[in-house]
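Working notes for the structure below.
The values are calculated or read from the model by the stated rules, or taken from the named source; none is laboratory data. Just so we're clear, the structure is a prediction, and the values are computed from it rather than from any experiment. Positions of Cβ are generated from backbone atoms using ideal geometry, with glycine treated the same way; all protein chains shown enter the neighbour counts. Heavy atoms of the whole protein, side chains included, go into the accessibility calculation; ligands, DNA and RNA do not. Shrake-Rupley method; radii C 1.70, N 1.55, O 1.52, S 1.80 Å.
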Amino acid sequence: RITSFLDVLQALDHILPFQDMPDLYPDTVILLDIKMSGMDGFEFLNYFERMPDRILAKTRIFIVSSSLDYSDIMRSHAHHLVDKFLAKPLDPDELKRVIKENMI
């Protein structure tokens, strides 16, 4: 099932109810853009890392960005919740391969 959100706050509104019922949280892949309105991708990561461990364990996060800023790339690689940095434009075959390799 694919769910798309226009901004980070909508995504958090979808995820937050699972804090009280982490067993119901499905295995999840998050494609996270660094540059978003309201809250950027790194702010999302800082907020998301406070989720229960059971939710964190069921989530794979891939940063998806067109940014060539070296500090963005290094910051993405350094964050313990980020599984991979993917450059835009996304290659569908590469995305499938990366998700398959990193699934729980």
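Got a number for carbon plus sulfur as a percent of the chain's accessible area, 1.4 Å probe? Heavy-atom surface of the chain belonging to carbon and sulfur, 1.4 Å probe: 54 percent. Sorting the segments 95-103, 11-19 by their residues' average number of neighbouring beta-carbon atoms within 10 angstrom, most packed first, yields 11-19, 95-103.
Ligands, DNA and RNA are left out, and with a 1.4 angstrom probe the accessible area of the chain is 65 Å² per residue.
For Leu32, the residues whose amide H sits under 5 Å from its own are Phe62, Ile63, Val64, ignoring neighbours fewer than 5 places away on the same chain, with H placed 1.01 Å from N. P(r) for the stretch 1-50, from all Cα pairs and a bin width of 10 Å, is 22, 59, 19, 0 %, short bins first. Accessible surface ranking for Ser65, Ser71, 1.4 angstrom probe, highest first: Ser71, Ser65. If you average the C-alpha positions of the stretch 47-70 and of the stretch 1-30 separately, how far apart do those two centres end up, in angstrom? Cα centres, the stretch 47-70 to the stretch 1-30: 12 Å. Once C-alpha pairs closer than 8 Å and six or more residues apart are averaged by separation and normalised to the residue number of the chain, the relative contact order reads 25 percent.
Hey, what does the equivalent ellipsoid look like for the stretch 41-104, semi-axes from the Cα gyration tensor as sqrt of 5 times each eigenvalue, largest first, whole Å?
In descending order the semi-axes read 20, 17, 8 Å.
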